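Novice: Mind having a look at this structure? Questions to follow.
The values are calculated or read from the model by the stated rules, or taken from the named source; none is laboratory data. Being a predicted model, the structure only gives us computed values, none of them experimental. Cβ: placed from backbone, ideal geometry, glycine included. Neighbour counts: every protein chain shown.
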Amino acid sequence: MTIQDLAVEAERLLEGLGEGSMSETAYDTAWVARVPNPDVTGEPLFPAAYDWLLRNQHEDGSWGAEIAFPHDRIISTLAALITLAESDYRRDESEPAARRAIVYLNRERPNLEDDPAETVGFELILPELARQAQALGLHLPYEDWTFVEHIKADKLKRIPPIAVYGGPTPLTHSLEYLGDRLMPSLAARPRSKNGSYGCSPSATAYVQLQVPAEQARAYLERAAAVTRTGGFTYLHPFENFESAWVVDALEPLWPQLPQIGSVVERLGWAWTSMGMAWSTEGEVPDADDTAVSLSLFSKHKQPNHPGSDVFELYEGPDYFQTFVFERNPSVTTNAHILSALRLLPVTPERRRMTLKLVSYLEREQVDGTFWCDKWHASPYYATDRVLVALNGTSAQVVRRAVRWLLDEQGLDGGWGLGGGTVEETAWALDALEAVGERDVALGSVVRPAIDRAADYLTDRFGDSSYPALWIGKGLYSAPKIIRARVIGVLARWDELKRSD
C-alpha cells in the first residue's frame, strides 16, 4: 500500500462526503416501524422498516449490535418487541419473533450495572419502554430495571421544564421518553427546520405517532432513503460531525489533498456563536464537534477563527460538558477541547482551562492504564483521544497507557473486542504513532508494535464492514470516519518508514 494509493482512497472518501453515513440501529428502526399508514388501515407507513426488524433479529431472540452490550441489547430488544407485539401486521412472523424476544429478556437478563456502554437517553427511555411493555401485558423482568428510575429522577432534576417545549434542545433528541405525556399543542415548538426532532428518526417517529405532521413525515421519508435497506440510522443528517472527524483523521495526507481546504471552509460556514452542531440542521451545538472543528480551523489558519472563549459555554466546575443537562461527562470531549486549546495562543484563560482539563483527564484514567468514554464502547478510542491530547504534558500518565496498549496487542498485531477489529486497531495505532513522534525514546520502544499493527491493517484494508461500537440510542458504526482513520494511520506509518 503506497502513499499514492492511500491518497487516492482519501480522495474518494472526501468526494463521498454528504449528509453523513452510519449503520442502521434496531432501536430507531423499531420506532419508525410503529408509524401507521394513514391511507392503508393496518399497515405501517414504512413496511420496509418492519421487514428489517424481522430480518435482523439475532438467533438468541435479541436485537442490537453484533457485539453484545447490555444497554444496547435491552433497549433495542424492548423497542422491537413492543413494535411487533402491538401490531397486527405480518402476524404469522411477528408473533414467534416477539416470543423469542420475551424468552431472551427473561433468560439472559443482561446486567446493566456492569456495562460501560450506556446508550444515549437510556435513563429516560428504558422506564418508558418498560411502561409500554407492561401495558401490553408482556411478562418481562421489570424488577431488574427499577434502579433506573432513580437515575431518571436525577437526570430530570437537571432539566428545566422549558427545555421540553422551548425550542430544539439536547432533550429534543430523546423526546420519546415522554410517552403519553406529550402536549400536542406544543409539539411543533422543538421541531427543527428539516422536520425532525433533534435529527433523530426515533424521536421524530414518536411525535409523528402522537401528532402527525407533513414535515415530520417528509423527514422520515428522507431518512429512509439513506440506507435503502428498510433500516433507520440513529442520527440523520450529521454532515458536520462526519466531515470534521474525517478531515482530522486524514491529516498526514493533507498536503496531497487540496480539496481538504474546501471541506474546512464549509465547516467554517456552519459555525455559530455557540460553536458547532453535528449538523447545520440540528441547531444544537455541542462541545465535541466544536472542539474538533476549532482544531481544524487553527491548523488551516482560517482567518478570524474563534478562540477559547466558546468553551466557557460548556464549562463546569471540574470538566467541560458536551451538552447542557448531561448527567455524566465525556472523556473524549474533554480531550478534544484540550487538543484544540493547545493550538491557540497562550492566554490566562487558555492556561486555566488547560490545567483543569489535564487534571480531569488524569483523574479519569482507569486503574492507571486506559480510558473509557460515553460516546464509544471501546477503550481504544478513548485512550487514543486522551493520549493525543496529553501528549507532551503528562509523561507518566502517557507511559502507563502506552504500556497497557503494548500489553493488549494481539499476536496478529490487532487490538479489540472479539479477537480484534480494524477500527480499534486503528485507534491504538494512532495513539502509538502520536506518542512515538513526540518522544524519540518511547518511539523506539513502540516501533515493533506499530509495524505489526500497520501490517494487520494493510492485510485488512479491503474490509469495509465494521462492528457497531459508537454509542447512540443504539450502537452504530461510522464507516467513513473509521475508513479515514485507517488511511491516516497507514499514511503516517509510510512517513515513518521513509524516515528510517
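Novice: Would you mind telling me which numbered condition in (1) among the aromatic types (Phe, Trp, Tyr); (2) surrounded by 22 or more Cβ atoms within 10 Å (Cβ to Cβ); (3) in contact (Cβ under 8 Å) with a residue 60 or more places away in the chain Trp375 fails?
Specialist: Answer for Trp375: the failing condition is (2).
Novice: Criterion first (aliphatic (A, V, I, L, M), more than 18 Å from the chain's Cα centre (by Cα), assigned to a helix (DSSP H, G or I) and surrounded by fewer than 23 Cβ atoms within 10 Å (Cβ to Cβ)) does Val489 satisfy it?
Specialist: In short, no.
So that you can scan it fast, the table gives a plain yes or no per residue for (1) of a type outside the set (A, V, I, L, M); (2) within 19 Å of Gly472 (Cα to Cα):
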site	(1), (2)
Thr146	yes, no
Pro160	yes, no
Gly166	yes, no
Ser174	yes, yes
Met183	no, no
Ala188	no, no
Gly195	yes, no
Gly198	yes, yes
Val226	no, yes
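Novice: Another question, if that's okay. Counting only residues that are surrounded by fewer than 17 Cβ atoms within 10 Å (Cβ to Cβ) and among the small types (Gly, Ala, Ser), how many does the stretch 415-458 have?
Specialist: Total meeting the criteria: 5.
To keep it simple, each residue is scored yes or no on (1) assigned to a helix (DSSP H, G or I); (2) assigned by TED's automatic domain parsing to the domain that holds Pro329; (3) within 24 Å of Leu475 (Cβ to Cβ); (4) in contact (Cβ under 8 Å) with a residue 40 or more places away in the chain.
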site: Ala382; (1), (2), (3), (4): yes, yes, yes, yes
site: Arg385; (1), (2), (3), (4): yes, yes, yes, yes
site: Asp407; (1), (2), (3), (4): yes, yes, no, no
site: Gly413; (1), (2), (3), (4): no, yes, no, yes
site: Asp430; (1), (2), (3), (4): yes, yes, yes, yes
site: Ala449; (1), (2), (3), (4): yes, yes, no, yes
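Novice: Right, next: Please state which of the following conditions Asn328 fails to meet, knowing it meets all the rest: (1) surrounded by fewer than 20 Cβ atoms within 10 Å (Cβ to Cβ); (2) more than 22 Å from Phe241 (Cβ to Cβ).
Specialist: Checking Asn328 against (1) surrounded by fewer than 20 Cβ atoms within 10 Å (Cβ to Cβ); (2) more than 22 Å from Phe241 (Cβ to Cβ), the one that fails is (2).
Novice: Could you tell me which of the residues Ala163, Ala153 is over 27 Å from Arg73 (Cα atoms) and modelled with pLDDT under 95?
Specialist: Ala163
Novice: Pick from the stretch 427-463 the residues that are basic (Lys, Arg) and closer than 14 Å to Asp494 by Cα: which of them is farthest from the chain's Cα centre (by Cα)?
Specialist: Arg447
Novice: Also: Within the stretch 259-300, how many residues are of a type in the set (Lys, Arg) and out of contact with any Ser or Thr (no Cβ under 9 Å at 6 or more places or on another chain)?
Specialist: Counting residues in the stretch 259-300 that are of a type in the set (Lys, Arg) and out of contact with any Ser or Thr (no Cβ under 9 Å at 6 or more places or on another chain) gives 1.
Novice: Same structure again: Any residue that is at positive phi, small (Gly, Ala, Ser) and not assigned by TED's automatic domain parsing to the domain that holds Ala249 - is there at least one of those in the stretch 21-34?
Specialist: No, because not a single residue in the stretch 21-34 is at positive phi, small (Gly, Ala, Ser) and not assigned by TED's automatic domain parsing to the domain that holds Ala249.
Novice: Taking the conditions exactly as written (among the hydrophobic types (A, V, I, L, M, F, W, C) and in a loop (DSSP other than H, G, I, E, B)), does Val40 satisfy them or not?
Specialist: Taking the combined requirement at face value, the residue satisfies it.
Novice: Turning to a different aspect of this structure: Going through Glu95, Glu19 one at a time, which residue ends up being outside any loop (DSSP other than H, G, I, E, B) and farther than 23 Å from Thr421 by Cβ?
Specialist: The match here is Glu95.
Novice: Please determine, by comparing only the residues of the stretch 349-377 that are part of a loop (DSSP other than H, G, I, E, B) and touching a strand residue (DSSP E or B) at 6+ places or on another chain (Cβ under 8 Å), which one is nearest to Arg403 (Cα to Cα).
Specialist: Cys372
Novice: Determine which member of the set Ser330, Ser298, Ser273, Ser308 is in contact with a helix residue (DSSP H, G or I) (Cβ under 6 Å, 6 or more places away or on another chain) and free of Cβ contacts under 8 Å to residues at least 60 places away in the same chain.
Specialist: It is Ser308.
Novice: Show the residue pairs that are 6+ apart or on different chains and have beta-carbon atoms under 7 Å apart, the first residue being within the stretch 140-167 and at positive phi, the second being among the charged types (D, E, K, R).
Specialist: What qualifies is Gly167/Arg189.
Novice: Consider only pairs whose beta carbons are under 9 Å apart and that are at least six residues apart or on different chains; among these, list those whose first residue lies in the stretch 55-84 and is on the phi > 0 side of the Ramachandran plot and surrounded by fewer than 18 Cβ atoms within 10 Å (Cβ to Cβ) and whose second residue is of a type in the set (A, V, I, L, M) and modelled with pLDDT under 95.
Specialist: Every condition considered, no pair remains.
Novice: Here's a follow-up. Given the structure, is Leu78 in a loop (DSSP other than H, G, I, E, B) and either out of contact with any Pro (no Cβ under 6 Å at 6 or more places or on another chain) or farther than 19 Å from Tyr27 by Cα (or both)?
Specialist: Against the criterion (in a loop (DSSP other than H, G, I, E, B) and either out of contact with any Pro (no Cβ under 6 Å at 6 or more places or on another chain) or farther than 19 Å from Tyr27 by Cα (or both)), Leu78 does not qualify.
Novice: In the list Ser308, Ser273, Ser279, which residue meets the criterion of being buried (at least 22 other Cβ atoms within 10 Å of the Cβ), of a type in the set (S, T, N, Q) and out of contact with any strand residue (DSSP E or B) (no Cβ under 6 Å at 6 or more places or on another chain)?
Specialist: That would be Ser279, the only listed residue that is buried (at least 22 other Cβ atoms within 10 Å of the Cβ), of a type in the set (S, T, N, Q) and out of contact with any strand residue (DSSP E or B) (no Cβ under 6 Å at 6 or more places or on another chain).
Novice: A follow-up question, please. Considering only the stretch 377-396, how many residues are touching a helix residue (DSSP H, G or I) at 6+ places or on another chain (Cβ under 7 Å) and farther than 20 Å from Ala340 by Cα?
Specialist: 2
Novice: Being within 25 Å of Arg385 (Cα to Cα), touching a residue at least 24 places away in the same chain (Cβ under 8 Å) and of a type outside the set (A, V, I, L, M) is true for just one of Glu176, Glu251. Which residue is that?
Specialist: When all the criteria are applied, what remains is Glu251.
Novice: For the stretch 218-323, please list each of the helices (runs of 4 or more DSSP H) lying entirely inside it that holds at least 3 residues being within 19 Å of the chain's Cα centre (by Cα).
Specialist: 239-249, 287-299
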